[in-house]
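Encoded as structure tokens, the structure appears first; notes follow it.
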Amino acid sequence: MATFEFLLQGLLAAAQPLNLLYALIGVTLGTAVGVLPGIGPALTVALLLPVTYRLDPTGSLIMFAGIYYGGMYGGSTTSILLNTPGESSSIVTALEGNKMARAGRGGPALATAAIGSFVAGLIATLLLAFIAPYIVKLALVFGPREYFALMVLAFVTVSSAFGDSTLRGLTSLFIGLAFSVVGIDQLTGQNRLSFGIPDLLDGIEVTTMAVAMFAIGETLFIAAQGDKGPDKVEAVRGSIWMSAQDWARSWKAWLRGTLIGFPIGAMPAGGAEIGTFLSYATEKRLTRYPEEFGNGAIEGVAGPEAANNASAAGTLVPLLTLGLPTTATAAIMLAGFQQYGLQPGPLLFATNPQLVWGLIASLLIANLMLLVLNLPLVGLWVKLLTIPKPWLYAGILLFATLGTIGANPSVFELGMLLTFGLLGYVMRVFGYPIAPVVVGLILGPLAEQQLRRSLAISQGDVTTLVQSPIAAVLLVLAALALIVPLILRARGRGEVLSQMAASED
Amino acid sequence: MSRDNNKTSTEQRRPDRAALAIAAALAAIAAVIFLDVSRLREMAGYSQVGPATVPNWIAFALIGLAIWTVVEAFRGDFPEREKQQFGPVVWIVAGLAAQMLLLTTAGFSIATGILFALTAAGFGKRKLWMTIPVGIVLCLVIWLIFAGLLQLSLPAGPLEHLFL
Amino acid sequence: MKHFFLASILAGALALPAYAADYTIMAPAAPGGGWDQTARSLQTALQQEKISGNVQVMNVPGAGGTIGIAQFASQQKGKPNALMVGGYVMVGAILTNKSPVTLKDVTPIARLTGEYEAIVVPASSDIKTIGDLVAKLKANPGAVSWGGGSAGGTDHILVGLLAKAAGVDPTKINYIAFSGGGEALAAILGSQVTAGVSSYGEFESQVKAGTLRLLALSADKKIEGVDAPTLKESGFDVVLQNWRMVAAAPGLSAEQKKAIQGDVEKLVKSKTWQETLKTKGWADTYLSGEAFDAQLAKDISATEAVLKDIGLVK
């Protein structure tokens, strides 16, 4: 079988000592930059891509794969330790991960994130290698109406991240939705809620909102508690490694996260964060420890992290098989591939097998390097929490603003950072959950645009929304997800459900 | 946070003023949305859901949530709030504001160094004569790494120009 | 790691000689996009060809470049070492966003590269020629859904121009805007829309693989190696090039402008730049001086007219 041969060849080439070193450098650089709040994998790859140009094709491909994986993993570290998710796909990780870190279980949280990312990356890369052509056919069946149905399902399921009060959860969500309509309406080119301010025409940047609400809001909130809290968080309680129970609870979540994340990443308009939302909701429904959700449940870190990495490998499916860059990261990767003489497209696997398999082998090696680099570092990362508060939070704000300035050096953007930071603080004071605001900001425009696209294509026929079997199934699932808990609650078992979610802080 | 809200609701008769203010804010956002999208042209597209439709739905929902919040305010269903100290918040906000205002003129290092020092001050380290220089040097090192080596466009000021 | 960084920075700082014109290039877009890539390629070429010593790239993203151009016009006024990358997309964005700062407020220097737009249908479609598609459009404009980039962008403008040339009311076109080329392409491949519009480069590999059928190109004459007629040949008087350019600051003297034009000309003819064009797959459509000014003016007035016809600009 030729595929195996190519893959083996690629692995052999990638496993040369010098190439392993390149992979390690790539992973290190990627993690170092990706750790900054507001600088996600896309920007990390864009910034570091030129570094790889100086190497030979194999070496540069490997370093590039390392940067890509490192950039992705860097975001989860800060989410878990500092509750400052820098990009939309690690928001869910912060929900449970930071609770774990606060309880002295930052070690297991980081470990399950790293190993989960590795497992998901491994499985997803193999899936990419062997079933990409089939997956992509499935992904193309998804049109606007199917995406709309998927977004409805996502809306319903993320309500599980809403916290203990339906009113406050919904309020947060609708505040996010209100912010999501700011800017040029993509379908008619008219500007909405931008009040003549040019900086608002592109809408509110999700990363700015996330960094402000989480990093700055959190800092202000902690500061306002004065000296009541302890000066340091207890960094380690119990073992720094995962216990047998942690393993037992994590592995299924990793696999489920991979299975959810990969196909969603492969869909041209799926988006990495949707997979993490769905994974979190799934874990919360299936867990045997519902009381721990909201207080640091390890499944809530393991699942979404796996989903995030699997969906990143999923985005490579349309990119390599069709040449479709479906995310910002993928678009930058496409530019990178061209530098290596790769022209992604339907003929790529046939015309350029060495390079494709070389890339896949590089991804596998980089994935392994990520684990090699990060597991020993867990102990060191956790020590971050022992930095005295003034320096820790001064550092958080330094890096949070650095990320924002790096992405867009504008005074207006910093003003938004401050405004939303204050909003995040006030919401924390009154017990409003933070995550739904960002969720609304992400899902709102997706759902609206897909709905309007499907109606425009059908020339206004509303029944189009349920005429496709996939869309109909997804909508039924969403309806079930909405109705079943209501019935359960009515039958007096709602207590568990309402306790499952705790407030942000 | 507080699952025993229901107990306090019978004791607390007076409406929660902060909750009423939140309700008013939600209604105000809704009003702004209604007002702004009313000027949009419903372009003759083929979808009956136009550019103003979804914002209007959101605004209606916000009004509904505002009413619900008022009801909870009168029933005293809002959770107890911890006492907040505003001093530290002012320090940090001042730091962020200073960074914002100084960024383009003084450059990344000075602006962000001041943010660093004022944030530390918010957490009790008030020796600004020491923390400001430390912050500026730290930020300069970071600037050298990210702007110098990684080509991130971080604004340069007088300090950075010494290295350009 | 930190020491390694610092050492390289210091080594780099010491090794840089001083040049007369240390250009600063603004990319009015986020890192990674087309304009950013153009700016960074310019940076590399200018430095490698020793036309300029130390070239900085500055990103000012937002609103189709209108935020960048506004900042460029006000902050760089009269500076002979400030450059900005821009493109045809800006022409449309300035109009739809009602930007107070326009291309008249900067000094356009030269067009560097450009791409033509292509109209495609899925291979399984029963539409075989551009004539078939237009016939369908004439019969029922709403039934032909066009997938492309954002509303008011180059793709939308092309559909508007074609409808007008074919005698169909441009306000009646059923244009479905997608975010980003990838999403639009997926919708076209999946037969979610009737036809697709984008720059030819986005479709090239699909067309070669036979999954998309190329109906026409918006070039002024037939492109070698591309098996499709131009719109002009097919009887529709539509020519549209999605170009990228470099502009200088406003308020320059004639000599200063000439010096920059000289530098850019040197750059365009250089080996480094020609190699960059090849690896990136960009076509060399260099045009400068009065010829470029005339072309620009023509593009602006045509774009304004069609955006009014579609109903995006009043």
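Read-outs: derived from the displayed coordinates by stated rules, not from any lab. Computed from a predicted model, the values in this text were never measured in an experiment. Every residue, glycine among them, receives a Cβ derived from its backbone with ideal geometry; neighbour counts consider all protein chains shown.
By the count of other C-beta atoms within 10 Å, a proxy for reagent exposure, A:F6, C:F178 are ordered fewest to most as A:F6, C:F178. About its Cα centre, the protein assembly as shown has a charge dipole of approximately 1100 debye under the convention of +1 per Lys or Arg Cβ and -1 per Asp or Glu Cβ, with nothing else charged. Between segment A:100-130 and segment A:137-213, the C-alpha centres lie 28 angstrom from each other. Site-free segments of chain A were taken between trypsin sites (Lys or Arg not before Pro) in DSSP loops having at most 10 other Cβ atoms within 10 Å, sites themselves excluded; the longest one is A:289-505. Working from Cα pairs under 8 Å separated by at least six residues, relative contact order for chain C is 24 percent. Over segment B:86-161, the hull volume per residue, using the convex hull of the C-alpha atoms, is 75 Å³. Give the distance, in whole Å, between the Cα centre of segment B:14-54 and the Cα centre of segment C:203-273. Each part reduced to its Cα centre gives a spacing of 44 Å.
With each label modelled as a point 7 angstrom along the Cα→C-beta vector, the B:L101-C:S191 pair spans 6.4 nm. Entry note, chain B: relative contact order of 21 percent, from Cα contacts under 8 Å with a spacing of 6+ residues. Taking every alpha-carbon pair in segment A:1-136 and binning the separations at 5 Å intervals from zero gives 2, 11, 16, 18, 18, 15, 11, 6, 2, 0, 0 percent. Quarter the surface of the alpha carbon convex hull of chain B and you get the mean projected area, 16.5 square nanometres. Each stretch of four or more DSSP H residues adds -39500 (n - 2.57); spread over every residue of chain B, this sum gives -22500 deg cm²/dmol at 222 nm. Within the same chain, aspartates and glutamates fewer than 8 places from C:K314 are excluded, and of the rest, those with a Cα less than 15 Å from its Cα are B:E42, C:E304. Counted by neighbouring Cβ atoms within 10 Å, the residues A:M63, A:M369 run from fewest to most as A:M369, A:M63. Calculated mean residue ellipticity at 222 nm for chain C: -14000 deg cm²/dmol, from DSSP H runs with n ≥ 4 weighted as -39500 (n - 2.57), summed, divided by the residue count and rounded to 500.
Roughly how many Å is it from the Cα centre of segment A:1-41 to that of segment A:351-419, as a whole number? Value for the Cα centre distance between the two parts: 16 Å. Computed as a quarter of the hull surface, the mean projected area of the alpha carbon convex hull for chain A stands at 23.7 nm². Charge tally for A:Y280 (other residues, Cβ to Cβ under 12 Å; Lys, Arg +1; Asp, Glu -1): -2.
Indicate the gyration tensor shape class of the protein assembly as shown (rounded, prolate or oblate), computed on the Cα atoms with a ≥ b ≥ c the square roots of the eigenvalues: a/c under 1.5 is rounded; otherwise a/b larger than b/c is prolate and the rest oblate. Cα axes put the protein assembly as shown in the rounded bin.
Checked against a 30 Å cut-off, the cross-linked pairs C:K128/C:K298; A:K99/B:K83; C:K221/C:K278 give Cα-Cα distances beyond that limit for C:K128/C:K298. In segment C:190-314, Cα pairs under 8 Å separated by at least six residues give a relative contact order of 11 percent. Computed about the Cα centre, the dipole magnitude for chain A is approximately 720 debye when only Lys and Arg (+1) and Asp and Glu (-1) carry charge, each at its Cβ. Straight-distance candidates among the lysines for linking to B:K127, with alpha-carbon spacing under 21 Å and chain neighbours fewer than 8 residues away dropped: A:K232, A:K389. Projecting the Cα positions of C:I310, C:G147, C:N54 onto the charge dipole of chain C (unit charges on Cβ atoms of Lys, Arg, Asp and Glu, taken about the Cα centre) puts C:N54 furthest along the positive direction.
With the helix formula -39500 (n - 2.57) applied to DSSP H stretches of n ≥ 4, chain A reaches a computed 222 nm mean residue ellipticity of -24000 deg cm²/dmol.
Placing +1 on each Lys and Arg Cβ and -1 on each Asp and Glu Cβ, with no other charges, gives segment A:1-156 a dipole about its Cα centre of roughly 300 debye.
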